[in-house]
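Scroll down for the structure; my scribbles are underneath it.
No lab work stands behind these numbers, since they all come straight from the coordinates. Source: prediction; values computed, not measured. Virtual Cβ from ideal backbone geometry, glycine too; neighbours counted across all protein chains shown.
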Amino acid sequence: MEARCYGAEESFDADLRTLRFAPSANDQRLRDPVVKEKSMNIIVCIKQVPAKDAPLAINGNWIKESEIGFEMNEPDSYALEEALRLKEKHGGEVIVVSFGPERVKQTIKEALAKGADRGIHIADGNFAQLDPLATAKVLAAAIAKEKCDLVLTGLQSDDHGFGQTGVLLAALLDLPHATIIMQIDMLDGKMKLKRELEAGWFQWIECPLPAVLSIQSGINKVRYATLKGIMAAKKKEIATITRESLDAAIDPSEKIEKIYVPVKTKKTEFLTGTPKEVAAKLVEKLKFEARVI
């Protein structure tokens, strides 16, 4: 079986369930891999989301943020942990990028306390209303200003749960991308990745650097910030830039009109007639009203 992905040719080994990427002749970037054992500069995109135990009060097309607490998006914490482990093994720098209002800096500080080297805060008070494409455009504009070997994101966010930002980010940066990553091994300037598939299956692929990866939750055990790390974070840089300064077009392709809690109701209806007539009425209601058949 042959296919193409970012200028790469694929071959499938049915016995090993392994997918290997080989650079094609017309892709200059992939023909110049990163030097073996080179230290890695890694950017991690993290999002601040409402705390899991926060009582969510609805205010039109969003929630009342003034009445709840916020925390780091859990899937992004696994991406951060994986970046820190890669830095500890290969050297380099971990940069965290987060997008949102002033409160987002607290989540950046948490990442710095865990071991990230510096942070970038993209200031925007209207962040919650942006769709995944607009968000990815802003992140891509900020990341393009940095020199990095790898960009990591969580698989999806705990609030919106679109699961699209990482994929869109890779397309905008014109970089190879892989999703649902469960293991990352560095081999001769490229990566050997373990992807989680359905029904308990896994897939091994080889991917060149630089690249964008979406990390699966559970890939590792997330560390806690130590007292030493918390003290060290106070001296680490958090650069704040405005969304407008990035000159990223963010015309939304979708808009949140309203959010609401679904109302649960119960209704009992008695069907009368002969058994044949009752059966016909029941089928009609299941098909057109309940829409379960």
One can check that the equivalent ellipsoid of segment 39-174, built from the alpha-carbon gyration tensor with semi-axes equal to the square roots of five times its eigenvalues, has lengths in Å, largest first, of 25, 17, 12
Gln183 long-range amide H proximity, modeled H, under 5 Å
Lys194
Could you give log10 I(q)/I(0) at q = 0.14 Å⁻¹ for the chain, computed by the Debye formula over C-alpha point scatterers of equal weight, without solvent?
-1.05
Give the lysines reachable from Lys266 as a straight Cα distance under 17 Å; neighbours fewer than 8 places away on the same chain don't count.
Lys285
Listed here are the pairs Lys235/Lys258; Lys190/Lys234; Lys89/Lys234; Lys137/Lys234; Lys105/Lys255; which of them are more than 32 Å apart at the Cα?
Lys235/Lys258; Lys190/Lys234
Over segment 50-145, what is the percentage of antiparallel beta bridges among all DSSP beta bridges, to the nearest 5?
35 percent
Segment 129-285: antiparallel DSSP beta bridges as a percent of all, rounded to 5
60 percent
Taking neighbour Cβ counts within 10 Å as the exposure measure, how do Arg291, Arg223 sort from fewest upward?
Arg291, Arg223
Have a look at Asp251, Asp174, Asp124 and tell me which one the Gaussian network model of the chain (Cα, springs below 10 Å) gives the largest fluctuation.
Asp251
Got a sec? How would Cys207, Cys148 order by Cβ neighbour count within 10 Å, fewest to most?
Cys148, Cys207
Listed by chain and number, the residues whose amide H is under 5 Å from that of Leu56, excluding neighbours fewer than 5 places away on the same chain and using placed H, are none
Among Ile108, Ile181, Ile68, whose Cα lies farthest out toward the positive end of the dipole of the chain, if unit charges sit on the beta carbon of Lys, Arg (+1) and Asp, Glu (-1)?
Ile68
Just in segment 72-132: which trypsin sites (Lys or Arg not before Pro) are loop by DSSP and have at most 13 other Cβ atoms within 10 Å?
Arg103
Gaussian network model of the chain, Cα within-10 Å springs - most flexible of Val49, Val151, Val263
Val263
Using Cβ contacts closer than 10 Å as the measure, can you line up Val283, Val97 from fewest to most?
Val283, Val97
Theoretical ellipticity at 222 nm over the chain - DSSP helices of four or more residues, -39500 (n - 2.57) apiece, nearest 500:
-7500 deg cm²/dmol
Evaluate the Debye formula for segment 104-182 with equal point scatterers sitting on the alpha carbons, no solvent, and hand back log10 of I(q)/I(0) at q = 0.16, 0.18, 0.23 Å⁻¹, in q order, two decimals.
-0.69, -0.89, -1.43
Sequence-distant aspartates and glutamates (8 or more away, or on other chains) whose Cα lies within less than 17 Å of Lys281
Glu269, Glu289
For a quick check: with amide H placed at 1.01 Å from N, whose amide H comes under 5 Å from Glu93's, ignoring anything fewer than 5 positions away on the same chain?
Met40, Asn41, Ile42
Using DSSP, restrict attention to beta bridges with both residues in the chain and report what percent are antiparallel, rounded to the nearest 5.
45 percent
